[in-house]
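Reviewing the structure listed below.
Coordinate-derived values only; no laboratory data. For clarity, every value in this text was computed on a predicted model and none was experimentally measured. Cβ placement follows ideal geometry from the backbone for every residue including glycine, while neighbour counts extend to all protein chains displayed.
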Amino acid sequence: MSTHTPDPDVPVRRVDRILAFGALGIAAASVVCFFAIIVGTAVGMQQEDFGGGAWPVIAAVPYWGLPLAFVMIIVLLAMSFIRKSRAASRP
């Protein structure tokens, strides 16, 4: 009696690596920028001071980066589940 077990070593594709490392990089940059805003506030910067220089970009990175990283992780998980279910259903 032979039972077929799915291959546990499903290959990782390039798009999976791009999504994983991209999400990690964007999330890390968002956290660094978030702490930069906290430090800037702690050293006495006022709200008007954050309107000039690189501060608008530093403020936008956590605002857009964290949701983008979250969506990238959800897409990565969905692709992984689909790939594993297709691999398990193959004879």
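A few comments on the model shown:
- Taking 7 Å steps out from each Cα toward its Cβ at residue 83 and residue 35 produces label points 3.1 nm apart.
- Residue-by-residue Karplus 3J(HN,Hα) for segment 21-34, coefficients 6.51, -1.76, 1.60, Hz, glycine and proline x: 6, x, 4, 5, x, 5, 5, 5, 4, 5, 5, 4, 5, 4
- In nm, spacing of pseudo-spin labels at residue 28 and residue 90 (7 Å Cα→C-beta vector): 3.3 nm
- Computed lengthening from residue 74 to residue 57, 0.36 nm per intervening residue step minus Cα-Cα distance: 3.6 nm
- Using the empirical formula 2.2 N^0.38 Å as the baseline, the Cα radius of gyration of the chain reaches a ratio of 1.69.
- For segment 42-48, 3J(HN,Hα) per residue [Karplus equation, 6.51 cos²θ - 1.76 cosθ + 1.60, θ = phi - 60°, Hz, x = Gly/Pro]: 5, 8, x, 5, 9, 4, 5
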